[in-house]
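A.B. asks: Structure incoming, see below.
No value in this document is a laboratory result; all are computed from the given coordinates. These numbers were taken from a predicted model, which means no experiment stands behind them. Counting neighbours? That spans all protein chains shown, and the Cβs are built from the backbone with ideal geometry, glycine included.
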Amino acid sequence: PRSRGLGDVYKRQGSYTVSALSPLTNVLFVSGGVNEKGSVRNIQVKRSGQTIHVFDLYDLLLKGDIKSDIRLQDGDVIFIPLINKTARAEGFFRRPHLYEIKEGDKVEDLIFYAGGYTSRVTNNARLELSTINAETKKRELDVFFSNETGRLSKEVNDGDSIKAVSYTHL
């Protein structure tokens, strides 16, 4: 079938012919994937002008979960919108990087996306969460430890960053 990739894909937007009943991830691979501005957590499959499925590539990349990878039909459109929200993980994480976040993501989710802590951090890591205060519009720093579960369940907002600090480098 022919499927179209639109939005923020790496190669070029347009139609791609793939084998019958190809999964969404195969078409993403053929098209060159999502570019640095495109959302990997809100990939939309449209059929007859209606969004029929939203795919979160983090499920596959970070969890190995292919349950939401659907088979495409002739004429399906894959639309990749711009990234909406991001948060940064830096310091002693296995994969420090800028991550796309969704509504409801928590500090512990961002730590998971970043692969957890490196071996340079003890069991009770010192964390520095930098957030923008919605009222004052100023950046605030919250310092806590990784065993403080209440703080790990705090929602992450667009522009936040978390830093894991090694005790040996304090």
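A.B. asks: With 22 Å as the limit, write out which pairs from Lys138/Lys163; Lys46/Lys106; Lys37/Lys154 have Cα-Cα distances beyond it, or answer none.
C.D. replies: Too far apart for the 22 Å limit: Lys46/Lys106; Lys37/Lys154.
A.B. asks: Stick to Cα atoms and the Kirkwood definition of Rh, then tell me Rg/Rh for the stretch 26-65.
C.D. replies: Values: Rg = 10.9 Å, Rh = 11.1 Å.
Ratio value, two decimals: 0.98.
A.B. asks: I would also like to ask the following. Enumerate the amide H contacts of Gly33 below 5 Å, restricted to partners 5 or more residues apart or on another chain; note that Pro and chain-start residues carry no placed amide H.
C.D. replies: Those qualifying (amide H under 5 Å, at least 5 residues apart or on another chain) are Tyr10, Lys11.
A.B. asks: Semi-axes of the equivalent ellipsoid of the stretch 13-170: what are they in whole Å, largest first, if each equals the square root of 5 times a C-alpha gyration tensor eigenvalue?
C.D. replies: They are 36, 17, 12 Å, listed from largest to smallest.
A.B. asks: So, one more: Using only Cα atoms, locate the centre of the stretch 22-79 and the centre of the stretch 120-170, then give the distance between them in Å, rounded to an integer.
C.D. replies: Going from one Cα centre to the other spans 32 Å.
A.B. asks: Tell me, what is the FRET efficiency for Glu103 and Ser166 to the nearest 0.05, using R0 = 35 angstrom and their Cβ-Cβ distance as r?
C.D. replies: Between Glu103 and Ser166 the formula returns 0.65.
A.B. asks: May I pose another question? Once phi is turned into θ = phi - 60°, what whole-Hz ³J(HN,Hα) does the Karplus curve with 6.51, -1.76 and 1.60 give for every residue of the stretch 27-40, x standing for Gly and Pro?
C.D. replies: Taking θ as phi minus 60°, the curve returns 5, 4, 5, 4, 7, x, x, 8, 7, 5, 9, x, 6, 9 Hz for the stretch 27-40.
A.B. asks: Can you give the Rg and Dmax of the stretch 83-170 based on its C-alpha atoms, in angstrom?
C.D. replies: Rg, Dmax (Cα atoms, Å): 12.3, 38.
A.B. asks: Across bins of 5 angstrom width beginning at 0, how are the C-alpha pair distances of the stretch 124-168 distributed, in whole percent?
C.D. replies: Final binned percentages: 5, 21, 31, 23, 13, 6, 1, 0.
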